[in-house]
Structures are given as C-alpha cells and as structure tokens.
1. With respect to residue 180, is the statement that it is part of a strand (DSSP E or B), in contact (Cβ under 8 Å) with a residue 12 or more places away in the chain and under 15 Å from the mean Cα position of the chain (by Cα) true?
2. Going through segment 184-196 one residue at a time, which ones are assigned to a loop (DSSP other than H, G, I, E, B) and without any contact (Cβ under 8 Å) to a residue 24 or more places away in the chain?
3. Kindly evaluate residue 237 against the criterion of being assigned to a strand (DSSP E or B), loosely packed, with under 15 Cβ neighbours inside 10 Å and over 16 Å from the mean Cα position of the chain (by Cα).
4. Could you run through segment 106-115 and say how many residues are outside any loop (DSSP other than H, G, I, E, B) and touching a residue at least 24 places away in the same chain (Cβ under 8 Å)?
5. Give 175, 218 a once-over and let me know the one that is assigned to a loop (DSSP other than H, G, I, E, B) and closer than 24 Å to residue 30 by Cβ.
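Just so it is clear, none of the values below were taken in a lab; they were calculated from the coordinates. Nothing here was measured: the structure is a model prediction, and the numbers come from that model. Here Cβ is always computed from backbone atoms with ideal geometry, including for glycine, and neighbour counts include all displayed protein chains.
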C-alpha cells in the first residue's frame, strides 16, 4: 500500500519546566497529572500552577507505568496488575491481574485493556469481571475518544465501539508505539521527534525535541520532552 505524506517542521508555541523529572502524564478536567520518574508518585499541577503530590506506589514491586483519571479514583497500570486508588482516602485495590499492555476507561466507567499473556482485548464489567474477550495478540497501545476504542497494532489501527464491535480499520505507515485519539489521530514512538497525524492524508510533523508522552487539550497538543522535565504546547492551528 502506498501512502501520501505531507511533511512539516514546527516549533512549540510555549513551554514550562516541571518541578521534577517525569515519564508520563495525563490531563483531567484541565488539571495536569505527571508520573514522577520514581514511578510511585503522581505530581498534580492545577490550572493555577499549584503543585501537589499523590503517593501511588511503594517504591518496590508496586511501581506504576501509566494511569487514568476518573472523578473519584485513579486507575494504575502496574507491572502485573491494574489497581484502583480512591482520591478521597488513598485506599488502593487490585481489580485485575495480568500483563497489561495498555488500558482505557469508557465514559460509563468500564475498563477495557490489552493483556499480553492472554493475547487479547479484555472488557471488564462494573464488578471488574471479564464480560468479553477479543483475540488480538498484536495490540501495542490503545486509546478512547467519543465512545470509540482505538487499538494500535504494528500495521493498522482497529476501531471498536464500546461493545467490542468493529467499526473500521485503517493501515498505518511504518511502526509506531503510541496512539492518541481525538478529533484526529496522532501516532508516535517515545524517544523520537516525529509525530504522525491522520487527516485526509498522513501528515508527518518533525518537532524540535524527542517526545516521550503526548496529550490533547483545548489549548493544543502537549508533549513531554525526552528528559521528562519540560512540557511543550503546540497550537491546534499548527496541525
């Protein structure tokens, strides 16, 4: 398959330095949450730039690799399990055991995850019991937007609805390790400068710094640099 590419070189519109080195971040209700490089602390930076910390691991086996926010809890992807930690009291509970590649939380609060050992996509019900499994051993990342689940594999993106029904698939140009879904689809590989954007055709954006994490916000596209100490903002109009 042939792909048509449009290539762009862009510079960030703004940036700010973080209070510590981090390796992952997410946005919830306008507030930024960063995973400290120690992997057992989440740094919260609100809209007024007030910084606070949320302990989430013990610094030993229970280290965190990624997380998702909901109004009342943080869901934590650890080495061999998925845990839920309540925001009001810090109580943590294990809700799934497995080798989790990636996971999402639907608007209904249900968990969908990719389990490497079980070689499939697991849909959990409200009691965190498996209600559906779709065999797909090739998923490397996943994201969720507008009631759709986006599965990134080595060669394509598979789009499912919240019930596991396939909506569409589309081929991707080359190997990518991360997907970020919004009104448009972004692909990238941590440690690289290039970001792919799926529009009417594939667009390649060369940034001034390698990226280890990327998120979409009302302000634009936010990227965490390779050192984990600076957050860059690119305006939506740049893409």
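1. yes
2. Residues satisfying the conditions are 189, 190.
3. So residue 237 does not fit the description; no.
4. Within segment 106-115, residues that are outside any loop (DSSP other than H, G, I, E, B) and touching a residue at least 24 places away in the same chain (Cβ under 8 Å) number 4.
5. None of the others qualify; the one that does is 218.
Condition check ((1) touching a residue at least 12 places away in the same chain (Cβ under 8 Å); (2) at positive phi; (3) outside any loop (DSSP other than H, G, I, E, B)) across all residues:
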residue: 65; (1), (2), (3): yes, no, yes
residue: 75; (1), (2), (3): yes, no, yes
residue: 88; (1), (2), (3): yes, no, no
residue: 104; (1), (2), (3): yes, no, yes
residue: 117; (1), (2), (3): yes, no, no
residue: 126; (1), (2), (3): yes, no, no
residue: 131; (1), (2), (3): no, no, yes
residue: 138; (1), (2), (3): yes, no, no
